[in-house]
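Each remark here refers to the structure printed beneath this line.
The values are calculated or read from the model by the stated rules, or taken from the named source; none is laboratory data. It should be emphasised that the depicted structure is a prediction, and the values quoted were computed from it without experimental measurement. Cβ sites come from the backbone with ideal geometry, for glycine too, and all protein chains shown count toward neighbours.
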Amino acid sequence: MTVPEAESLVGRWREREDGIPAHVTVLVPFLPISRIDDTVRAELRALFQQHPAVDVGFRRVGRFPEVVYLAPEPAEAFVRLTESVVARWPETPPYGGAHDTIIPHLTLGRADVVEESALDGELPLTSRARAVTLLVCVDGERWTESETFPLT
């Protein structure tokens, strides 16, 4: 889910322009681009139409060992989105199966670069999750928005 309201925050610490907008990841990795055809797109559209749009707040900063992120609330809405995609494509576990728990997050940047004090006065940030955007990497480096699937 893209979060345009967070773009100015993410842009402060983005190492390089890789085409990825500020977002909360639903699932990575997904299917290889060679497998994403009209049938998969139709299935994604139908799947996401089963989920309601939701108001999202970002009030808390979190840390993974190498990344600083904003935690979306309610997190459960994003967990359900991830679980529904994985239920349909079980060969695509979140983060390749490297983690047991789904932790929805909006990455700000690398932990050694992000200055959390710069967020003073910037939070809370609010958004409305209305759709899920499929991002594809076509050249191994840059990502592009392929299609957007509305939530109900």
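Just a few scattered comments:
- Looking only at segment 114-141, and only at residues there that are polar (S, T, N, Q) and assigned to a strand (DSSP E or B), the one that is farthest from the chain's Cα centre (by Cα): T126
- Qualifying residue in segment 101-113 (condition: charged (D, E, K, R), part of a loop (DSSP other than H, G, I, E, B) and under 18 Å from F64 (Cα atoms)): yes
- Unique match (being assigned to a strand (DSSP E or B) and among the charged types (D, E, K, R)) among R80, R59: R59
- Qualifying residue in segment 32-41 (condition: exposed (fewer than 15 other Cβ atoms within 10 Å of the Cβ), acidic (D, E) and in contact (Cβ under 8 Å) with a residue 40 or more places away in the chain): no
- Taken over segment 1-27, the criterion of being out of contact with any strand residue (DSSP E or B) (no Cβ under 9 Å at 6 or more places or on another chain) and at pLDDT 95 or above is satisfied by L27 alone.
- Residue match in segment 44-55 (condition: surrounded by 15 or more Cβ atoms within 10 Å (Cβ to Cβ) and at positive phi): no
- Residue check for T92: within 12 Å of the chain's Cα centre (by Cα), surrounded by 13 or more Cβ atoms within 10 Å (Cβ to Cβ) and not hydrophobic (A, V, I, L, M, F, W, C): no
- Per the listing V40, V24, the residue uniquely in contact with a Phe, Trp or Tyr (Cβ under 7 Å, 6 or more places away or on another chain), under 20 Å from L151 (Cβ atoms) and not charged (D, E, K, R) is V24.
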